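The values are calculated or read from the model by the stated rules, or taken from the named source; none is laboratory data. None of the values given here were measured: they were computed from a predicted structure. A quick note on method: Cβ atoms are made from the backbone with ideal geometry, for glycine too, and the neighbour counts reach across all protein chains shown.
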C-alpha cells in the first residue's frame, strides 16, 4: 500500500525523506488486521545525499537525508491524491478492510505509539490527540485504523530492525508463491545480519507469507546494509516492486515489566518474575499448563502452546521452587500465554532413594521393603527408612533463555541469542 503512495509521490515531484517505516501494533488485539501493522513515511522537498530504498514501476525510489516542507497547496493536493490511491488499492468492501490515513506536519507524541503497542486504545482518545496536534485524517468504514496510523507517526524508532519487502505481480496473486529455499539459505549465510529466514525444525520458509496477500517475500535484518544485495541472490517468481522499511520488529516493545498478575489487563503483555508452585500438567494437543506465583504473591496460570515446540519441553522439566522470568500475553481470560522464559534459579532435584552404607561396618545395606528400613548383610545392623540416600539429580535444563521455534514467534518478539 505505502509503495503505491511513494510511487505516486515520485510521479508528482514529491520526495521521500529518509526511509519509510513499518510499525507492528499490540499483537493481542482480537480485531487486528492480518499483519497487524501500520506504514508511515515522511515527504517533502529533498536535499542532500540520497539512498535507494525501493523500486516501483521499474524506477528507483530514493530517500533523501534531509528535506524541506511542502507548501500548503502542495500538501493538500498530495494528501488528497494519496488517499484516492489508498482507496483504489485497499479492496474496499471486503470484511475487515477499513483503511485509514493520517497526515501530520510533525511527529505525534510517543505515548500514542506506546499505548497502541501495549494496550487497547479507544478510537475517541486517538481522535482527540489528532485534533490537539492539528493533524488531518481520513477513514473508510471503521475508524480503528486511526490507532495504527497515528502510532506509526508517533513511533520514536529507538529499537529498530529493517525489512525489505517484495510484492507480487497482480496477475499472480492468489497462485502459489515461488521462492527458492536454497537461495534464501545462501543469502542468510552471506549476510549474517539477516534473521528469521527459515525454521529448520519445522522446515518452514519464514520469508514468504502463507496468505493471499500482495507480498511475495520479506527479508529481515538488524542492519540495512546488504538487504538490496541479498535481494539479488534470492531466486523467485518475478518481483513487481520492492521497498525497504525501518521497523519495530523483534524489539519486544509490547512487553512491560510487571510485578504481579493483577497488573496485567485483558489483551496486554508483560514480563514477570515467578516461582513454580506445582508440577506442570499436560493438556490435550501437546500444550502444557504451569502454576506459578509472581513476585507480589499473586498466582499466575501459564500456558505453553505446542506450536512453540521449545517451550512445552522446557516447562515439562520444571519442578516446584524453580524461579523464572517469563514473558508473554493474555487475551480476555487471565491465562498467561508464554512467549519465552529465562531460568533464573533451579530448585534442587533429587533422584529415587538408595540404600545407605552401614554406619558400623561400612558395608552396603539392603532394603527390607517399603517403609521398613535397611539391614546390613554382614553385621545385621538395621537402619531406619529416613537414612536412605537421595542423590541430587542433574537438571535437564540450563540456566538460560528459551524462545519459541522461529515459525511460532510474533513479529514483535525479542530476538533469540541464536537467531
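Inclusion of residue 331 among residues that are surrounded by fewer than 18 Cβ atoms within 10 Å (Cβ to Cβ) and either in a strand (DSSP E or B) or in contact (Cβ under 8 Å) with a residue 24 or more places away in the chain (or both) is warranted.
Among the conditions (1) in a strand (DSSP E or B); (2) in the same structural domain as residue 321 (by TED's automatic domain parsing), residue 265 misses just one, which is (1).
The set of residues in segment 233-262 being in a loop (DSSP other than H, G, I, E, B), in contact (Cβ under 8 Å) with a residue 60 or more places away in the chain and over 19 Å from the mean Cα position of the chain (by Cα) consists of 237, 238.
Any residue at all in segment 116-131 that's closer than 21 Å to residue 14 by Cβ and either modelled with pLDDT of 95 or more or over 26 Å from the mean Cα position of the chain (by Cα) (or both)? Within segment 116-131 (the criterion being closer than 21 Å to residue 14 by Cβ and either modelled with pLDDT of 95 or more or over 26 Å from the mean Cα position of the chain (by Cα) (or both)), the answer is no, since none of the residues qualifies.
Of the residues making up segment 276-310, those that are more than 20 Å from residue 266 (Cα to Cα) and in contact (Cβ under 8 Å) with a residue 40 or more places away in the chain are 276, 277, 278, 279, 307, 308, 309, 310.
Taking segment 1-92 and the strands (runs of 3 or more DSSP E) fully enclosed by it, the elements with 3 or more residues that are within 21 Å of residue 144 (Cβ to Cβ) are at 15-24, 37-56. Residues considered: 225, 221. Of these, the only one that is under 25 Å from residue 6 (Cα atoms), loosely packed, with under 14 Cβ neighbours inside 10 Å and in the same structural domain as residue 18 (by TED's automatic domain parsing) is 225.
Looking only at segment 348-367, residues that are in a loop (DSSP other than H, G, I, E, B) and either touching a helix residue (DSSP H, G or I) at 6+ places or on another chain (Cβ under 9 Å) or surrounded by 14 or more Cβ atoms within 10 Å (Cβ to Cβ) (or both) come to 7 in all. The condition (being in the same structural domain as residue 210 (by TED's automatic domain parsing), in contact with a strand residue (DSSP E or B) (Cβ under 9 Å, 6 or more places away or on another chain) and crowded, with 21+ Cβ neighbours inside 10 Å) is satisfied by just one residue among 135, 152: 152. Of the residues making up segment 369-395, those that are in a loop (DSSP other than H, G, I, E, B) and touching a helix residue (DSSP H, G or I) at 6+ places or on another chain (Cβ under 9 Å) are 370, 371, 372, 373. Kindly indicate whether any position in segment 40-49 is closer than 29 Å to residue 328 by Cβ and modelled with pLDDT of 95 or more. Looking through segment 40-49, at least one residue is closer than 29 Å to residue 328 by Cβ and modelled with pLDDT of 95 or more. Residue selection: residue 320 satisfies the criterion of being part of a loop (DSSP other than H, G, I, E, B), in the same structural domain as residue 289 (by TED's automatic domain parsing), touching a residue at least 40 places away in the same chain (Cβ under 8 Å) and in contact with a strand residue (DSSP E or B) (Cβ under 6 Å, 6 or more places away or on another chain).
Exactly one residue out of 46, 63, 67, 76 is out of contact with any strand residue (DSSP E or B) (no Cβ under 7 Å at 6 or more places or on another chain), assigned by TED's automatic domain parsing to the domain that holds residue 133 and surrounded by 13 or more Cβ atoms within 10 Å (Cβ to Cβ): that is 76.
For residue 417, the conditions (1) more than 30 Å from residue 194 (Cβ to Cβ); (2) exposed (fewer than 15 other Cβ atoms within 10 Å of the Cβ); (3) touching a strand residue (DSSP E or B) at 6+ places or on another chain (Cβ under 8 Å) all hold with the exception of (1).
Evaluating residue 105 against the criteria (1) farther than 28 Å from residue 212 by Cβ; (2) out of contact with any helix residue (DSSP H, G or I) (no Cβ under 7 Å at 6 or more places or on another chain); (3) outside any helix (DSSP H, G or I); (4) touching a residue at least 40 places away in the same chain (Cβ under 8 Å) leaves one unmet condition, (4).
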